[in-house]
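Encoded as structure tokens, the structure appears first; notes follow it.
The values are calculated or read from the model by the stated rules, or taken from the named source; none is laboratory data. Note that the structure is predicted; figures quoted are calculated from it, not measured. Here Cβ is always computed from backbone atoms with ideal geometry, including for glycine, and neighbour counts include all displayed protein chains.
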Amino acid sequence: MGLGTRFLSAVVASLFVSGAFLRATGPIAEVPHGQLPHEIVALTTSQNLLATDPNALGRFLETARPAPVSAEEKARILSTLPLDGEVTDFSASACQKLAALTKVLRATGRESVYEIKVIDVPQAAIGLHARAVILISEPALTLLDADELQALVAHEIGHEYVWTERERAFQLADRSRLKDLELMCDGIAIVTLHGLGMDVSRLMAGVQKIGRFNRERFGTANNERDYPTLAQRQAFARAVVKWTSAQTIGTR
């Protein structure tokens, strides 16, 4: 295993068991006070998200989408990633899965913002690195089907909306807040998938697959206490699906 592969493996090993998240290199700008006040409330807590009109949240996700990192910053971020450990030779099945990500990335304005890199590490993990790179481990690419991969990338896109708050909670070791922010990203992903007419159940299916794979091979992750349990995520996902479905029925 080369130095680059060991570096990437160490990074992934520090991630949580399902739906990886890497620390920010810098804060993103906060949404100005007074801008879309009723819709901003939706992203304060997971429970407030459920108290918000899904259509209003959908509009917020469009209008308050964080500005991407600059081209210069993106180039710098990419230059820090080792070449050793990147996977570039894919099967036809893997190519189809990666191509399927275009639908979600394009719909969320991230098609030209993120670089997609597949990495050779033993853990199954997907993560947003420095708001510029989606890292997908080779085991995750093999394990997940295309719909599950799309759903988990939608979750990672959700992290951009709470990036600064997540950094703050991480620095304070506020596990309760970290768990709630993770649920909020699940909620954002479900709203995104719902808006695209995609199967929202694939998010939790993918989370469960990755969690089972990693636990069977590596045991409990070091920072698993920073994240909600599978049961908590599944319960919240059911609540979000019910919330979006009821709103859809009510608007017909």
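Things worth noting here:
- Residues that are in contact (Cβ under 8 Å) with a residue 60 or more places away in the chain and either surrounded by fewer than 21 Cβ atoms within 10 Å (Cβ to Cβ) or of a type in the set (Phe, Trp, Tyr) (or both) within region 199-219 comprise GLN208, LYS209, PHE213, ARG215, ARG217, PHE218, listed in sequence order.
- Test result for ARG168, basic (Lys, Arg) and surrounded by 21 or more Cβ atoms within 10 Å (Cβ to Cβ): no
- Some residue of region 145-152 being of a type in the set (S, T, N, Q) and within 16 Å of VAL207 (Cα to Cα): yes
- One residue stands out among those in region 33-62 that are more than 20 Å from LEU181 (Cα to Cα) and surrounded by fewer than 14 Cβ atoms within 10 Å (Cβ to Cβ): the one that is modelled with the highest pLDDT, which is GLN35.
- Considering the conditions (1) more than 19 Å from LEU203 (Cβ to Cβ); (2) within 19 Å of the chain's Cα centre (by Cα); (3) modelled with pLDDT under 95; (4) among the hydrophobic types (A, V, I, L, M, F, W, C), ALA99 is excluded by exactly one of them, (3).
- Those residues of region 198-252 which are assigned to a loop (DSSP other than H, G, I, E, B) and either within 28 Å of SER176 (Cβ to Cβ) or modelled with pLDDT under 95 (or both), in sequence order: VAL200, GLY219, THR220, ALA221, ASN222, ASN223, TYR227, PRO228, THR229, THR251, ARG252
- The residue pairs whose first member lies in region 148-172 and is at pLDDT 95 or above, whose second member is among the acidic types (Asp, Glu), and whose beta carbons are closer than 7 Å, counting only pairs six or more residues apart or on different chains, are HIS155/ASP186.
- Residue count for region 107-159, restricted to those that are hydrophobic (A, V, I, L, M, F, W, C) and part of a loop (DSSP other than H, G, I, E, B): 7
- Restricting region 159-186 to residues that are in contact with a strand residue (DSSP E or B) (Cβ under 9 Å, 6 or more places away or on another chain) and not hydrophobic (A, V, I, L, M, F, W, C) leaves a set whose member that is nearest to LEU230 (Cα to Cα) is GLU182.
- Annotation: VAL118 fulfils all but one of (1) of a type in the set (A, V, I, L, M); (2) buried (at least 23 other Cβ atoms within 10 Å of the Cβ); (3) at pLDDT 95 or above; the unmet one is (2).
- Residues of region 80-126 that are without any contact (Cβ under 8 Å) to a residue 24 or more places away in the chain and either touching a Lys or Arg at 6+ places or on another chain (Cβ under 6 Å) or of a type in the set (A, V, I, L, M, F, W, C) (or both): ALA92, CYS95, ALA99, ILE116.
- Condition check for LEU181: under 12 Å from ALA154 (Cα atoms) and buried (at least 23 other Cβ atoms within 10 Å of the Cβ): no
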